[in-house]
Amino acid sequence: AFDEIDEEVAMGDFFTTYNDWHPLFKSIVHAPNVPASSHLDLSAERCELIFDDESPWKKLPPIPQGPEKDSQLEIVSRVLDSFQKALTDIPVNEALYSKEDDENDLQFLEEGRRMLVLNRFQVMTSTIDHESLFGTCWSEIFFLVSEKGDSGDMGNGSLVMLGELDGELGIDLNHFVNTKIRMPLSWLGLEDTFEVSTFERGGHECIRLIHGLGDIPSLEDRNREEEGFQ
């Protein structure tokens, strides 16, 4: 864990290293007093982000396209099947409720809801390094913040799936996500609107980015609401 001094140093190093990404970072900030304001000029009028061959961010298709489309869609299918199995493995009680049953049912609902908001799927099989992974994740973050998505008030989400990693590269995915995604999101004031997770599904490491999911009422609250309408 960082203390305040360490975090300030880490924040300075991050925004210096990714100076080329400042236009994207500024485009998704919604408040002028976020921690990153000491490293980003948030006083200027926000300009529309430009996508071209020179920009480090890319406008990625929501599902795999191009010559590797078929093999990448197989990976998507395999990963989603593994998600579905993990979901159906959660024990749920269809009869009377107990506190333990409520916890399982709530977990089932929460994980099911996370699956439903995933509407973008990026598969990285060609070149996987820190730069390409950073570019894919932050390009997706920009899209999730900028677009409402098909799921409306439920939020929207992107699943980044990795092919086989080069063993010599040694990407520590948890460390990458903590230092290159979660902490920067907090510096940009977006920690409460994003949920970022890493896990392995279907033999592939994944990064799940969900924006605007929000909370759902507990089963007890919903039961009380139902009783109020009876």
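The values are calculated or read from the model by the stated rules, or taken from the named source; none is laboratory data. Fair warning: this is a prediction, and the values are worked out from it, not measured in the lab. Note: ideal-geometry Cβ built from the backbone for every residue, glycine included; neighbour counts use all protein chains shown. Ligands, DNA and RNA are stripped out before the accessible areas are found, and what is left, the full protein with its side chains, is counted by its heavy atoms. Shrake-Rupley method; radii C 1.70, N 1.55, O 1.52, S 1.80 Å.
Past the 23 Å Cα-Cα mark, which pairs from Lys26/Lys69; Lys85/Lys180; Lys58/Lys85; Lys59/Lys180; Lys59/Lys85? With Cα atoms farther than 23 Å apart: Lys26/Lys69; Lys85/Lys180; Lys58/Lys85; Lys59/Lys85. Each residue was assigned an accessible area with a 1.4 Å probe, and for Ser77 the value is about 60 Å². Extension gain, Tyr18-Lys85: 0.36 nm per intervening residue step, less the Cα-Cα distance, totals 20.3 nm.
In this structure Phe25 has an accessible area near 0 Å², from a 1.4 Å probe over the protein heavy atoms. Using 1/(1 + (r/R0)^6) with R0 = 25 angstrom and r between the beta carbons of Asn174 and Arg46, what's the FRET efficiency to the nearest 0.05? Once rounded, the FRET efficiency stands at 0.15. With a probe of 1.4 Å, find how much accessible area the stretch 1-78 has per residue, and write the answer as a whole number in Å². With the other protein chains kept in place, the stretch 1-78 gives 69 Å² per residue.
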